[in-house]
1. Ranking CYS155, CYS107, CYS67 by Cβ neighbours within 10 Å, fewest first, what do you get?
2. Using Cα atoms only, what is the angle between the long axis of helix 309-322 and the major principal axis of the chain, expressed in degrees (0 to 90) to the nearest 10?
3. What is the extension gain from GLU348 to ALA165, computed as 0.36 nm multiplied by their sequence separation minus the C-alpha to C-alpha distance, in nm to one decimal?
4. Would you mind checking the tilt of helix 48-60 against the longest principal axis of the Cα atoms of the chain, expressed as 0 to 90 degrees and rounded to 10?
5. Please determine, in degrees from 0 to 90 and to the nearest 10, the orientation of helix 21-34 with respect to the longest principal axis defined by the Cα atoms of the chain, where the helix direction is its Cα long axis.
6. How far, in nm, would the chain grow between THR303 and LEU147 when pulled straight, counting 0.36 nm per residue and subtracting the alpha carbon separation?
7. On full extension of the chain, what length is gained from GLN174 through ILE189, given 0.36 nm per residue of separation minus the C-alpha to C-alpha distance?
8. For region 4-382, compute Rh as the Kirkwood radius over C-alpha pairs and then the Stokes-Einstein diffusion coefficient at 37 °C and 0.692 mPa s; write the answer in µm²/s, rounded to an integer.
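Read-outs: derived from the displayed coordinates by stated rules, not from any lab. Computed from a prediction, not measured in an experiment: that's the story for all the values here. Cβ coordinates were reconstructed from backbone atoms using ideal geometry, including for glycine residues, and neighbour counts include every protein chain displayed.
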Amino acid sequence: MDKEVILQIFSGGFDETPATFEAIMQKLEPVVSRIKVSKVYMGMSVEKDLYARIRDFLYKNDVEFYCWLPVFAELDALKEGKPLIDFHGKDKTAYELAEREDFTFYCPNHPENLLNVLQVFEDHYASIGFTGVFLDKIRYASFANGLNNVLTCFCPFCQIKYRAAGFDPQTLAQAINELPHKQTPFGAIAYHMGRYTFDDDRWNTFFRLKNEFITDVLRGICLYFSDKKYKISLDVFAPFVSYFVGQDIPALSTFVDSVKPMMYRVTNAPAGLPFELEAILQESTSNESQREAFYKLLGFDATQPVFDLDFTVRELEYLVKQSAAPIYPGVEFNRAQIAPVTPSYIEETIKAYAQTGVKGFVMSWNLLNAPQENIDQVIRLFS
């Protein structure tokens, strides 16, 4: 298959004992020796010697090396962030996942949070010599964290930005009270190429501004890295979720080198397509007719045994047409209780996605947890 292959490696959390060089090489070297791997995204431990040794191996094999860096979450072990504030003035809590990821999100408009991520990079990664940065958690919280986490942020910095855009956030009070009576989440009446239209202009304005806020902040962050000659890739949600969390993917694509939409069809955890769809429905609908109306709006077939492949292919086709940067969908090849990935699933998904015009694939989200039969399937498909 004439598509690029990118590998993603989770080397451990910021405050954990990192994976060893030997453990990584045991998985990495056989893949690099058998198929052409164009890039490796690796994070998030801060063990500089580990990165340096992996860097030397990759550069000898003409493989680019990217620092996997979270932006608006997970940094608390190194820098305390300023949290999202909901409509009632309360700090928001995390979604708890046993896979060692922290889903407590920070306010994207708070200047201290912007400084934190840049300082973390300078303190722990800038001296390593990466080819680029792979920016993760570039969003607001999703429905996985609960409806009140979606209704953020209303800290003083955000209130100023809302009003500067001509929007009084207090007008949302009545709109929030009306949500249980809507026929679809937030009264969505149309979905086209990754964008929703709502029956209430308050929601149209609110979500548009959330997307604009993330775009504005990311533009500055990306300018910082591009000025230092780093290539930039972004980790984003599938389009039907991304608009709710502030990710205007076509806009974001204009100042980066590549985009990885997480198109995980069997992952029952944040970013997994079935998980995020169910979270939207659980948090914003109360009966079956509302669910059916949302499925119809999306053009989604809920009767499929595995998340609707035709729908997912259409989502990728939207992105390929709209994105200014190449699209590399993330496909699971690790296996865990929350991700029962098989070789047949990998083959079906990659072959379908390959027809959409994507540039390649990010084999996600952790090479170290991929069973050998899944690795062998990837090698077979791309050799």
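1. By the 10 Å Cβ count, ascending, the order reads CYS155, CYS67, CYS107.
2. So the inclination is approximately 90 degrees.
3. Computed gain between GLU348 and ALA165 is 61.4 nm.
4. The angle comes out near 70 degrees.
5. Helix 21-34 sits at roughly 80 degrees to that axis.
6. Here the answer is 53.6 nm.
7. 3.5 nm is the gain from fully extending GLN174 to ILE189.
8. Using the Kirkwood radius from Cα pairs, D works out to 155 µm²/s.
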